[in-house]
Amino acid sequence: MKISCIAIDDEPLALDLLSKFIRQTPFLELLGGFSNAIEALSYINQNKADLIFMDIQMPDLSGMELARILDGKKNSGTTRVIFCTAYHQFALEGYKVDALDYLLKPYSYEDFLTAATKAYQYFGRVGQSIPPSLPANPSPSADFIFLKVEYQLLKVILKDISHIEGYKDYVKVHLKSKNHPLLSLTSMKNMEELLPKDRFMRVHRSFIVSLDHIDSISKNVIHIGTQHITVGDLYKEQFTEFVSRWTS
């Protein structure tokens with residue numbers, strides 16, 4: 001599945017960086033980059049784009065105004081927006097126009113990839129953006145995620161993940177199929193956002209567990225294979241509620 005994208009930013013360096021990030025992401029396809037929203041609107045009226053990455057503060061027509069125009073068109077709800085801006089005060093307005101996500105400048109590729117993956121999961125759920133020449137795949141939100149491991153994006157099957165362990169600026173992703181964990185430069189917060197909440201739960205500042213792979217629970221300790229994970233105080237209430245739904 002490829003998501004067709006356009007990038008809009010009146011700052012040349014910001015537009016170049018945004019275009020670069022889109023090009024290096026395997027599931028995104030860059031249709032074009034625009035330095036103003038009016039040119040972009042003219043293009044959108046003639047061409048279908050699934051996803052728009054755009055700045056908010058732009059001359060003549062702002063990103064927020066363009067989003068409102070697109071929202072008013074009600075074009076089957078197929079075009080979604082991710083805002084990229086240096087101004088955090090626009091976050092609330094972004095949600096009012098149903099923005100898919102909100103990237104605060106300066107953002108890293110890790111931040112960009114987290115937002116892009118949300119879009120990937122969204123389009124997978126609604127069954128859009130699948131080109132006729134490609135076979136339709138199951139929803140990515142139920143199958144896999146992409147992780148940055150060393151210098152590549154690695155496709156990781158969700159059902160293979162047993163648990164994730166926070167380690168300084170990295171996370172260790174433990175897989176059932178491998179003896180050694182994958183080491184990825186990302187945060188536990190980003191991992192929480194990437195993983196479906198009906199299959200994974202954060203139970204400690206340093207641990208996220210796959211609910212499918214829990215072997216047993218004793219008091220506040222989760223057993224996954226030979227790994228014993230203590231539920232942290234901040235997460236006990238949520239985990240207790242989960243356990244109570246499955247006990248008689």
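A short reminder: the numbers here are calculations on the coordinates, not readings from a lab. Only a predicted model underlies this, so the values are computations on that prediction, with no experimental measurement involved. Cβ sites come from the backbone with ideal geometry, for glycine too, and all protein chains shown count toward neighbours.
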Strands (runs of 3 or more DSSP E) wholly inside segment 176-247 that include at least 1 residues being in contact (Cβ under 8 Å) with a residue 40 or more places away in the chain: 200-204, 207-210, 221-224, 227-230
Elements of type strands (runs of 3 or more DSSP E) in segment 1-88, at least 1 residues being closer than 17 Å to Ala99 by Cβ and β-branched (Val, Ile, Thr): 3-8, 51-54, 80-85
